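What follows is a set of notes on a single structure, which appears directly below.
The values are calculated or read from the model by the stated rules, or taken from the named source; none is laboratory data. This is a predicted model, so every value here is computed, not measured. Backbone-built Cβ (ideal geometry, glycine too); neighbour counts: all protein chains shown. Side chains included, ligands, DNA and RNA excluded: accessible areas come from the protein's heavy atoms. Shrake-Rupley method; radii C 1.70, N 1.55, O 1.52, S 1.80 Å.
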Amino acid sequence: MGCYMMSRNIKACLGLCAAFGLASTAMADNPISTYHYLADPGAAADSNYFYIITDSDDPAAADAGGYNIKALYGFRSKDMQNWTDFGIIYDARKVNGINDIWASGIAVKDGMFYIVFPDGGGGGVGYIKAPAINGPWENAVSGKSKLVGGAGVIGCDGVSWCFDPSIFIDDDGKAYVTWGGGESNSRPNTDNFDIVQLNDAMNGVSGSASHVKVNNLPTRKMLEASYIHKYKGNYYFSYSTGWQQGAPSIDYAMSTNVKGPYTWKGTILDDPNMNGKSINGNNNHHGIAGFKGHWYAVYHDRRIAKGYNGLEKIPADDGRPNPNEGYHRSVSVDEFFYNADGTIQKMKFTDEGPKQIENFDPYDWYPALTSSKQKGIRSRSNFVQGKVAEHYLLPLSTRESWIRVSGVDFGTAATGFTVEAASAADGNKIEIRTGSALGTLAGSCTLKNTGSKNTFVENSCEVSGLKGIVDQLFLVFMGRQDSTMAIKAWGFEGSGTTPPTPQSPFGGTAWAIPGKIEAENFDEPGVGRGGDVDSYNENDADNHSCTDAGKEAECSDYRNGTGVDIYKKADGKLVVGYINEGEWLEYTVNVAKDGDYTMYAAVASAGGSSFQMSIDGESLTEALEVPKASAEESFDEYGKVKANVKLTAGTHILRFTALADWFDVDYFNFEEGKDAADTKPIGDKTVGDKTVDGETIDDKTAIEMRQALLQNTLDAYRVFDLSGKEAGIVRLNGRTAVQALGEAGFVKGVYMLKQVRGNKKFMVSVSR
């Protein structure tokens, strides 16, 4: 076939999705969350999602006279209407050395997420990274606890307020961090902000910081909230103005150089004072990002502190109603537009928010707080440093309690609904309705009583009448008592769903048993919902042989992008190292016949390490201790771990799981028979370790095959229509783009092609 589909919401094949129109009446409602208080947003985007991070006013008491900000929240959306709230993704109360965590900035580069934040509120700039917006987050600064400030790589450079950082990544991949602010009259106001370039490794700085100069500055001073974005070759430096001239606005200046000097041009956002929804004289903050051909600004306002969203009044954290709106803010988003000369039209604040830019795919597995509107719910975050964020929906089920999802494309028809939930009472249920919380009933799912709000199980029920595009879908929570259920995730099944693609053996052929399995050649991961699509579990996205200082000689780009720590030994041999507890690797194997086998694993450790082998989810061995090297911290001295195992003939999934930290594994060898002799000694490089299409190959050939596979992906392009909606993928295979699109079934129209693995993109017109 000439094409394959990347998203699970595609109903049949390329071209068919063009027949499904967007839900014409689907509009977003501001703010993006109505069940807790958020502020100081930052924004970023990649080809799939628009991301928002915020800090939180939730800890502030109802009568608060100041800020009480301790955590960052993370959100993302594919369609600018339905938002997934991942809850607290970073909590200063649980990270050593941070007292508060205020307005922060986010950027995405090559699938890695970066956040800069005010370390301690105003004591400098911290810098963290993660493989996903929900973590796990870790310090991104090499050898330092922060990027800017007392213990940082560089000092604050004399700015009045060393806070409100943002991070900008240019088209050439170079990254820059800005920070600062203040009202000091002892220095020119234009010196209140600094900028520094990050190094290529994104773990320190390149050169020294410099003040951001803005020419033609009006009487309004530059106060805080510095931000840089780029549009058609121009750089835009935006910031919040001072209080001296009344309510602060978000102003901007332009330059053709990222470090300036900039020239002031005007205002992007006025203070969002709409019918009493804000307070004159209070602060303003924003984030800006382009996404699928549109430009959006996120900002905070005071819409829900007194029930301004028209649904309910949200109490403060202490339970008291009508909190001080100055310190109980909410986050909203709207679209803005450019003039022909590159200047920015002042953005209009709306209650509706931006238009939905693509339909919602119900045939996926969503965190519970995925919605376009909410009522009668609360949430709980369980943040643990070094772990992926956990966030649960807590319905107040004795009142009107629901979440709404907008513009849902059910395709042919949905047949079932599954929800992962905990219930501490009998009779709790979720009703699926359309149109409104009291609209047409499509299904009812009774939750199993798990005895606790911390014990989760999957609950499934049938649904009917859900087909085509449903403008408004409601999940309504029903029960006799509040605070007796917690919802973790949900999704739909049906005839329109595309089954997940399972993991597959590396190189295309299962490993033969008896035989030798190289540890680095774990399975290729699949695509879709469920654990059966994953082929490895890695604690972070870095290959530490390439990112840790002094390890350059060991660096290997083999299996690049997985984050699995594969490195080269002195003899050129590839091994998996830097192993941490809980990490695992899986291999598709083909066992020749039923019977006894002897497994040998080539491993190295400084002591105290262990692992376990399992097959098809069942334990194959007990915990196996890795032999300690004779020299401390020596990972060049490999030993063999032996275990007798029983296997059945056929294809199986073999899993290696680390039960402790810090050891390396080179390979596994299975010999036929109990206590069989090991025919693959340490250091053996015998040709014939792997079979592909009936031919035996060695490790070098396997590497060359992998490189050829990656090279082939340079010929693959994602296809987008003019609305920015991704319609599929084509491979050119020597054809012109017009030929490839035509043979793939694309109808007449204009499409943008973007290289899957590379930066090339171009427009193509299909005329037939």
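So what is the 222 nm mean residue ellipticity for the chain from helices alone, if each DSSP H run of at least 4 adds -39500 (n - 2.57) and you divide by all residues, rounding to the nearest 500 deg cm²/dmol?
-1000 deg cm²/dmol
So which aspartates and glutamates pass the test for LYS292, namely a Cα distance under 15 Å, with those fewer than 8 places away in the same chain ruled out?
Filter leaves ASP46, ASP79, ASP334, GLU335, GLU358, ASP721, GLU726.
About the Cα centre of the stretch 371-448, how large is the charge dipole given +1 on each Lys and Arg Cβ and -1 on each Asp and Glu Cβ? Please answer in debye to the nearest 20.
Values: 10 positive and 6 negative charges, 51 e Å.
Using only the charged Cβ atoms, the result is roughly 240 debye.
Could you give the nm distance between label points at ASN99 and ASP200, where each point is 7 Å from its Cα heading toward the beta carbon?
The answer from the label model is 4.0 nm.
In degrees, nearest 10, range 0 to 90: what is the angle between the Cα axis of helix 699-712 and the longest Cα principal axis of the chain?
40
Pop out the carbon and sulfur fraction of the accessible area of the chain as a percent, whole number, probe 1.4 Å.
Of all accessible area on the chain, carbon and sulfur atoms account for 48 percent.
What is the gain in length, in nm to one decimal, between PHE762 and ASP170 on full extension, counting 0.36 nm per residue of separation less the C-alpha to C-alpha distance?
My answer for the length gained is 211.2 nm.
In nm, what is the difference between 0.36 nm times the number of residues separating LYS568 and SER47 and their Cα-Cα distance?
184.2 nm
Can you work out the FRET efficiency for the pair LEU438 and ALA413, with r the C-beta to C-beta distance and R0 = 22 Å, to the nearest 0.05? Can you show the working numbers first?
Numbers: r = 23 Å, r/R0 = 1.04.
Working from the Cβ atoms, E equals 0.45.
By the scheme Lys and Arg +1, Asp and Glu -1, what is the net charge of all other residues having a beta-carbon under 11 Å from that of PRO321?
Surrounding charge for PRO321 is +1.
Cα-based count: Lys pairs in the stretch 303-384 below 20 Å, eight or more positions apart or different chains?
Working: LYS306/LYS373; LYS306/LYS375; LYS313/LYS373; LYS313/LYS375; LYS346/LYS355; LYS355/LYS373.
Value for the stretch 303-384: 6.
Which of PHE50, GLN374, VAL388 sits farthest toward the positive end of the charge dipole of the chain, with +1 on the Cβ of Lys and Arg and -1 on the Cβ of Asp and Glu?
Value: GLN374.
Would you please name the GluC sites (Glu not before Pro) within the stretch 550-638 that are DSSP coil residues with at most 16 other C-beta atoms within 10 Å of their C-beta?
Loop-located and lightly packed - GLU581, GLU622, GLU632, GLU633, GLU637.
Considering only protein heavy atoms, what is the solvent-accessible area of GLU524 at a probe of 1.4 Å, reported in Å² to the nearest 10?
In the full protein context, GLU524 sits at about 40 Å².
Nearest 20 debye, what's the magnitude of the dipole of the chain about its Cα centre given +1 on Lys and Arg Cβ and -1 on Asp and Glu Cβ? Intermediate values should be presented prior to the final figure.
On the way: 74 positive and 97 negative charges, 546 e Å.
Computed charge dipole of the chain: roughly 2620 debye.
What distance in nm separates the simple spin-label points at ALA623 and LYS674, each placed 7 Å from Cα in the Cβ direction?
Roughly 2.6 nm, to one decimal.
With all protein chains present, calculate the accessible area of ARG93 using a 1.4 Å probe and round the result to the nearest 10 Å².
Its accessible surface works out to 130 Å², give or take rounding.
With the other protein chains left in place, how much accessible area per residue, in square angstrom, belongs to the chain at a 1.4 angstrom probe?
Details: 30200 Å² over 768 residues.
Accessible area per residue: 39 Å².
Stretch GLU462-ARG399 to full length: gain in nm at 0.36 nm per residue minus the Cα-Cα span?
So the chain would gain 20.2 nm between GLU462 and ARG399.
Take the Cα of ASP596, step 7 Å along the line toward its Cβ, and report every residue of the stretch 666-683 whose backbone nitrogen sits under 14 Å from that point.
671-677
Taking the Cβ of VAL408 as the center, what net charge do the other residues with Cβ under 11 Å away carry, scoring Lys and Arg +1 and Asp and Glu -1? Mind dumping the intermediate values first?
Details: positive: ARG404, LYS467; negative: ASP79, ASP361, ASP409, ASP471.
Within the 11 Å Cβ shell, the charges total -2.
How much accessible surface area, in Å² rounded to 10, belongs to the heavy atoms of SER47 with a 1.4 Å probe?
Approximately 40 Å² for this residue.
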